[in-house]
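Beneath this line is the structure, given in structure tokens, with notes to follow.
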Amino acid sequence: MLQRTTTLDPASPREPAGEASRRRTFAIISHPDAGKTTLTEKFLLYAGAVAEAGAVKARAGRRRATSDWMELEQQRGISITSTVLQFRYRDHVVNLLDTPGHRDFSEDTYRVLAAVDAVVMVLDVAKGIEAQTRKLFEVCRARQLPILTFLNKYDRPGRDPLELVDELEDQIDLRATPVTWPVGIPGDFRGVIDLRSRAFVRYTRTARGATAGSEQLVDAEQAAAQEGDAWSRAVEECALLEEVGAGVDLKSFLAGETSPLFVGSALTNFGVRHLLDAVVDLAPPPAPRSDAHGTRRGLDEAFSGFVFKVQANMDPSHRDRVAFVRVCSGHFERGMTVVHEPSGRPFATKYATSVFGAERDTIDEAWPGDVIGLVNAADLGIGDTLYAGSPVRYPSIPRFAPELFAVARARDSSRAKQFRRGVAQLEQEGVVQVLRDEQAGDPAPMLAGVGQMQFEVFAHRLEHEFGAAIELTLTTYKVARRTDTETAERLRRTSGVRVLLRTDGALLALFESPNWLARIESDHPDWTLERLIAE
Ligand code: G4P
């Protein structure tokens, strides 16, 4: 049974900075199949939030079966929606923001990463850094997020861990600083050396890790006698790592330059506790956040937060819309009236919830680092700030560089109104980016995205939720650059280029090929053609 802890011990200090210091807000990033879901479950198991692993998946499955907007997820066996889990661990409140694993939804993940203070990066020991890990890592780096690395699936055959340490450094310029180091090769996992205590933690397999495993601590002498060559090799490797200065360094970790490394097997529960302890001991608590002018708003100032995700129609029985808000300062109390910064209008928070998958609980209060779900948030868009007391505006969340472009048309022109309404809403939710030709009244906007599946979700939802079936025509444009009005004029006279306006006011120039773009850039070095994020 999942316990959601929305209120704390009444005896605890009731001021935002104190509450913030007890909080850790993070996300897990990985390539699909590396073990993110399994690890999430095991975190909940170790935190005592679920009694038995398997509950999250089983529950998610059950929920999905009753939720038609997840139909597509079910058909594809993928996870599109993010969930926010909150649990207590060692007198701390941990907020784990889940991220969709599929690359087509990387923009969604990107927005989640704007709302966390740290990240756990899961690598499959047999595969190392994979495409999606790299892409998400780059976003973390751009945001200077501290990263803890977990080498997962060590119970199975895989690659040499030293080789993976090198790979991290060579490929993504991230220096791994091992906290635990494996004894035995992947597939013949004996346990780990905890480099802080030098103790050997023996690996004992539990049946698919349904319950928290026991961790047996063995002293070095005994470990050497029992583990023989595997032990000597691990000790040698640790000495080697020490020589190259691979000790944990808090400052460079907090700057996102080095990454404490843990080794284990999420499936069989090994190494999970070390990692969760590190989330509490090493990952930073929520800190005062900079506003759009670079001024930090203190944690103890009045409530403020920003929307990082909007999701509609999670429950077909009440078609509504939830805005997820990361609290940045102050004390949030349900029922308080806050200001929606972009419109200047008051926003009532009577329906504040915590959200677990498609399930909701009323939330009465929240503190910096927490996430609240605001129901019926029709006017709240991604990146919008909400505040009480003195005004504040947090920086907007930059959009991802689109790589696919398709023209959308309503199949039935008598449904034009539904089509327009649906496009506007799905755009605001960030399902796709919508581009329009400023110069032509545009009944057929251009959709821009990172992956084909975003378009499928868009089309599916437009048809089923708004009653406007659409026809999508993929175009040959492949790459976009941000431009200005002056360059736009010139680009409009250039073949193989289209200039369109995005809803956030950005002018995007679309090119049919990277080569064509390169040619234009070299012919006209003075033109404004800026790269977009995560290319
Ligand atoms: P994801 O969310 O990152 O996509 O990965 P997920 O946790 O779903 O794990 C992908 C597969 O890898 C699952 O197997 C899971 O059981 C397995 N796995 C995760 N961690 C470990 C580990 O430490 N060791 C081993 N040996 N396997 C691990 P599956 O067969 O796809 O699903 P299932 O039938 O086990 O649920």
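Name the residues in the stretch 143-172 that are in a helix (DSSP H, G or I) and more than 26 Å from residue 43 (Cβ to Cβ), would you?
Within the stretch 143-172, 162, 163, 166, 169, 170, 171 meet the criteria.
Hey, can you tell me all the residues within the stretch 420-476 that are in contact (Cβ under 8 Å) with a residue 12 or more places away in the chain, of a type in the set (D, E, K, R) and out of contact with any Ser or Thr (no Cβ under 9 Å at 6 or more places or on another chain)?
Listed by number, the residues that qualify are 421, 429, 437, 438, 456, 461, 465, 471.
Please work out which residue is nearest to residue 202 (Cα to Cα), limiting yourself to the stretch 248-275 and to residues that are within 16 Å of the ligand (Cβ to nearest atom) and in a strand (DSSP E or B). I'd like the intermediate steps shown before the answer.
Step one: filter the stretch 248-275 for residues within 16 Å of the ligand (Cβ to nearest atom), giving 261-275.
Okay, now just the ones that are also in a strand (DSSP E or B), so 261-263, 265, 270.
Values: 261: 18, 262: 15, 263: 13, 265: 13, 270: 9 Å.
So the residue we want is 270.
For the structure I just gave you, tell me whether residue 448 is under 33 Å from the mean Cα position of the chain (by Cα) and part of a loop (DSSP other than H, G, I, E, B). Explain how you work it out, then say what you get.
Details: under 33 Å from the mean Cα position of the chain (by Cα): yes; part of a loop (DSSP other than H, G, I, E, B): no.
Answer is no for this residue.
Residue-wise test of (1) modelled with pLDDT of 85 or more; (2) of a type in the set (Val, Ile, Thr); (3) more than 16 Å from the ligand (Cβ to nearest atom).
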residue	(1), (2), (3)
192	yes, yes, no
203	yes, no, no
211	no, yes, no
217	yes, no, yes
224	yes, no, yes
240	yes, no, yes
278	yes, no, yes
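Considering only residues that are within 14 Å of the ligand (Cβ to nearest atom) and buried (at least 23 other Cβ atoms within 10 Å of the Cβ), which ones fall in the stretch 134-157?
136, 150, 151, 152, 153, 154 - these are the residues of the stretch 134-157 that are within 14 Å of the ligand (Cβ to nearest atom) and buried (at least 23 other Cβ atoms within 10 Å of the Cβ).
Give me a count of the residues in the stretch 490-509 that are out of contact with any Ser or Thr (no Cβ under 8 Å at 6 or more places or on another chain) and either buried (at least 17 other Cβ atoms within 10 Å of the Cβ) or at negative phi (or both).
12
Does residue 130 fit the bill of being at pLDDT 85 or above and over 22 Å from residue 283 (Cβ atoms)?
Numbers: at pLDDT 85 or above: yes; over 22 Å from residue 283 (Cβ atoms): yes.
So residue 130 fits the description; yes.
Mind listing just one residue for me: the one in the stretch 460-480 that is surrounded by fewer than 22 Cβ atoms within 10 Å (Cβ to Cβ) and aliphatic (A, V, I, L, M) and, of those, farthest from residue 312 (Cα to Cα)?
Out of the qualifying residues, it is 479.
Restricting attention to the stretch 120-129, and to residues there that are more than 16 Å from residue 173 (Cβ to Cβ) and in contact with a Leu (Cβ under 8 Å, 6 or more places away or on another chain), which single residue is farthest from the ligand (Cβ to nearest atom)? Walk me through it before giving the result.
Of all residues in the stretch 120-129, those more than 16 Å from residue 173 (Cβ to Cβ) come to 120, 122, 124-127.
After this cut, where a residue has to be in contact with a Leu (Cβ under 8 Å, 6 or more places away or on another chain) as well, the list is 120, 122, 125.
On the way: 120: 12, 122: 7, 125: 9 Å.
For the stretch 120-129, the residue satisfying everything is 120.
Can you tell me which residue among 302, 255 is aliphatic (A, V, I, L, M) and within 25 Å of the chain's Cα centre (by Cα)?
Checking each option against the conditions leaves just 255.
Cβ-Cβ under 7 Å, sequence separation 6+ or interchain: first residue in the stretch 104-127 and closer than 18 Å to residue 402 by Cβ, partner within 14 Å of the ligand (Cβ to nearest atom) and not aliphatic (A, V, I, L, M). Which pairs?
Going by the 7 Å Cβ cut-off, the qualifying pairs are 108/82; 108/100; 109/99; 109/100.
Yes or no: the stretch 397-411 includes at least one residue that is touching a Phe, Trp or Tyr at 6+ places or on another chain (Cβ under 8 Å), surrounded by fewer than 23 Cβ atoms within 10 Å (Cβ to Cβ) and not aliphatic (A, V, I, L, M).
Scanning the stretch 397-411 turns up no residue that is touching a Phe, Trp or Tyr at 6+ places or on another chain (Cβ under 8 Å), surrounded by fewer than 23 Cβ atoms within 10 Å (Cβ to Cβ) and not aliphatic (A, V, I, L, M).
Give the number of residues within the stretch 346-379 that are part of a strand (DSSP E or B), of a type outside the set (Val, Ile, Thr) and either modelled with pLDDT of 95 or more or touching a Leu at 6+ places or on another chain (Cβ under 8 Å) (or both). Walk me through it before giving the result.
Of the residues in the stretch 346-379, the ones part of a strand (DSSP E or B) are 346-348, 352-356, 359-362, 365-366, 371-375.
Add one more test, that the residue is of a type outside the set (Val, Ile, Thr), and what stays is 346-348, 352, 354, 356, 359-361, 365-366, 373-374.
Checking the rest, the ones that are also either modelled with pLDDT of 95 or more or touching a Leu at 6+ places or on another chain (Cβ under 8 Å) (or both) come to 347, 352, 356, 374.
Qualifying residue count, the stretch 346-379: 4.
Just one of (1) farther than 30 Å from residue 138 by Cα; (2) touching a residue at least 40 places away in the same chain (Cβ under 8 Å) trips up residue 482, so point out which.
Of the numbered conditions (1) farther than 30 Å from residue 138 by Cα; (2) touching a residue at least 40 places away in the same chain (Cβ under 8 Å), the odd one out for residue 482 is (1).
Being touching a residue at least 40 places away in the same chain (Cβ under 8 Å) and touching a Gly at 6+ places or on another chain (Cβ under 7 Å) is the filter here, so list the residues in the stretch 159-200 that pass it.
Across the stretch 159-200, the qualifying residues are 164, 177, 180, 183, 186, 190, 192.
For residue 308, are the conditions met, namely being in a strand (DSSP E or B), away from the ligand (no atom under 16 Å from the Cβ) and surrounded by 13 or more Cβ atoms within 10 Å (Cβ to Cβ)?
Yes, satisfied.
Given (1) modelled with pLDDT under 50; (2) under 30 Å from residue 130 (Cα atoms); (3) within 21 Å of the chain's Cα centre (by Cα), identify the lone condition not met by residue 32.
(1)
Give the stretch 380-428 a look and list any residue that's assigned to a strand (DSSP E or B) and under 15 Å from residue 445 (Cα atoms), or say none.
Here is the first cut: in the stretch 380-428, the residues assigned to a strand (DSSP E or B) are 385-387, 400, 404-410.
Selection gives 404, 405, 406, 407, 408, 409, 410.
The values are calculated or read from the model by the stated rules, or taken from the named source; none is laboratory data. Note that this is a predicted model, so its numbers are computed, not measured. Cβ sites come from the backbone with ideal geometry, for glycine too, and all protein chains shown count toward neighbours.
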